[in-house]
Structure formats: structure tokens, C-alpha cells
1. Summing Lys, Arg as +1 and Asp, Glu as -1, what charge do residues with Cβ under 13 Å from the Cβ of D74 carry, D74 excluded?
2. Distance check, please: which entries in K46/K154; K45/K228; K45/K214; K27/K214 exceed 26 angstrom between their Cα atoms?
3. In the range 1-51, what chymotrypsin sites (Phe, Trp or Tyr not before Pro) fall in a loop by DSSP, with at most 15 other Cβ atoms inside 10 Å?
4. Hey, can you rank 87-93, 142-148, 226-232 by average C-beta count inside 10 Å, highest first?
5. Using 7 Å Cα-to-Cβ label points, what is the K27/I88 separation (nm, one decimal)?
6. Express in nm, to one decimal, how much length is gained between E47 and K153 on full extension, taking 0.36 nm for each residue of separation and deducting their alpha carbon distance.
7. Under a plain spin-label model, where a point goes 7 Å from the Cα along Cα-to-Cβ, how far apart in nm are D250 and N13?
Amino acid sequence: MLIIKWEFVDKCNYRCSYCSEFHYGNKYPFPALNDSINFIRSLPKKETLIILSGGEPTLWHNFRAVSDYVKTQDHVTLASFTNASRKINWWNNNYDLCDAWEISYHWEYANQNHIFDILDLLDKKSITSYLHCMFQQERFNDIKLLHNKFREKKYNYSMFILKKIRQNIYTEDELLFCNYVNQLTLDTAGNIIKTHRHPEQKSITNITNFYNWKCNAGSDYLRIHPDKNVYSCGYKNDLLGTIGDFTILDSPTICKQTNCTTFDEREVYKVC
């Protein structure tokens, strides 16, 4: 399986306090329609998951045209991150753009009722949804209440701990709660990502350090940035080209990083 994390734009209608200009700097335009379709057409004819990210993907005026093309490719599944800020009328008309939606809940902007209206709509339409709640320490009590509502509705969700975790400022109770939430049974990965990790990796929650392991990033996984450059992973170790001219690796590379950057990269096949 080929997994592509396509961060195709750095334009966003939010300015979250914990975010960086990489996601909202608006330095690069959206990819052209023909370039996008030609890129997808050039991919190997094997099971492929494309995850759109940004920025805010729903601002893309060519989203529908690209989605329609993907629907003609039986081997391609399309998912997208979103802050779900578009109005409910937009969602009523566009819920089918993707096979799965990954919604980020940003406390500084999100309207809880609106988010749940969208989740209810996606559930009614049998579209896979997954919600990432930003774990802001000052909203801990609100997060607990939101957690109970998610559990009641049985939606897929997780808590995303911000980089403050590296500064060890979260309390033990906060970390225990976040770990508990993230270990709850979720079915999204089974719906849109078929895990193909080596048995030696054990649990994905226990191992993130694959230094000196052989990794299929670059052959089973691609990372594309808003500048249209294609990399083997988020660390930009291997520049494979641009969306108009790139080469997929045909053999594993040796990982020289102490931690995988994202969940989907940790899913890439690795072996000691």
C-alpha cells in the first residue's frame, strides 16, 4: 500500500496560537488542477491512500474536480484533514468529496454544536470520520466534558498533545487522561489504513524510535509540501522531486531519525 500525506497548501482561515506559518503562511498557491490530476495519474497502480492536509483543504476550489477524478481510480482512497469551519450547507453538498474526513478540533475557534452537526451528517451518510481534539491544558475540564459526549455518540476521536509535552508541564492526571483517551478502541485506521508494520515493531504506541532500521518511506510513503516538493518522509531527508517529476524509491532506506514524525509515517513498513 502507498500512503501519501499531501500538505498541498499553506492557506488557512484559522490562526491558532500553537500553529506555525508553515500551515498558514500563504506563500504558495494551490496546485493547478491539471498538475494535481497528472500527479495522481502518475502514481503506481496499487492500493493508495492520499491524505490531504494544509492549511485548510476545503478552501481549494478544485477539490470537487480532483475528487471526481479519484473516484474513477478504484485503487485510490481519498481522505482529508479539515478544521470543519465551512457552513453546514457546504457539508451537505460536499460530504462525499472524501472517503474519510479527519477533523481537527481547535478550542480557540471551534463551535461544538457545529462540529457535532458535521459528525452526525457524516455518520448518517456512512462516511468515515475521525476527530483530533487539541489538548490545551487550560481547557482540561472542557475536554473531559467533550470526551463524555464523544463516548456517548461513539465517534472516533483522539487527543492531540501539543508540543508543550516536551517541556514536561502537563500534570500526571492530564497525561493519564490523554493516554486513556488515545488508547480507546478506534476503527478509523481499520477503515482507511491497512497496517503493514513488521511484527518486530510491536505496538505502534510503544515504539517511535526506528533509528538504523530499514524503512520503506519513499516507496510505501510520500510526503508532499506546499512548495510541491515530494519527500520520502516529514524530515525531508530524501527529496524525490516535485509533483510534476518525481521518482519513487525501489528499496528501503536506513532511518537516521530518533523519532517518527507522525502517526501515518510510523505505519510504514520497517524492519531491523
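1. On the way: positive: K45, K46, K71; negative: E47, D99.
In short, +1.
2. Numbers: K46/K154 32 Å; K45/K228 21 Å; K45/K214 24 Å; K27/K214 35 Å.
Check vs 26 Å cut-off fails for K46/K154; K27/K214.
3. Values: sites: W6, F8, Y14, Y18, F22, Y24, F39; in loops: F8, Y14, Y18.
Of the chymotrypsin sites (Phe, Trp or Tyr not before Pro), the ones in loops of the range 1-51 whose Cβ has at most 15 other Cβ atoms within 10 Å are Y18.
4. Details: 87-93: 12.0, 142-148: 14.9, 226-232: 19.1.
Ranking the peptides 87-93, 142-148, 226-232 by packing returns 226-232, 142-148, 87-93.
5. Each label point lies 7 Å from its Cα, and together they span 4.0 nm.
6. Values: separation 106, 0.36 × 106 = 38.16 nm, distance 3.13 nm.
Result for the pair: 35.0 nm of gain on full extension.
7. Those two pseudo-labels are separated by 4.6 nm.
Read-outs throughout are calculated quantities, based only on the coordinates presented, and are distinct from any laboratory measurement. Every value quoted in this text rests on a predicted model; they were computed, and no experiment measured them. Heads up, the Cβs are rebuilt from the backbone with ideal geometry, glycines too, and the neighbour counts pull from every protein chain shown.
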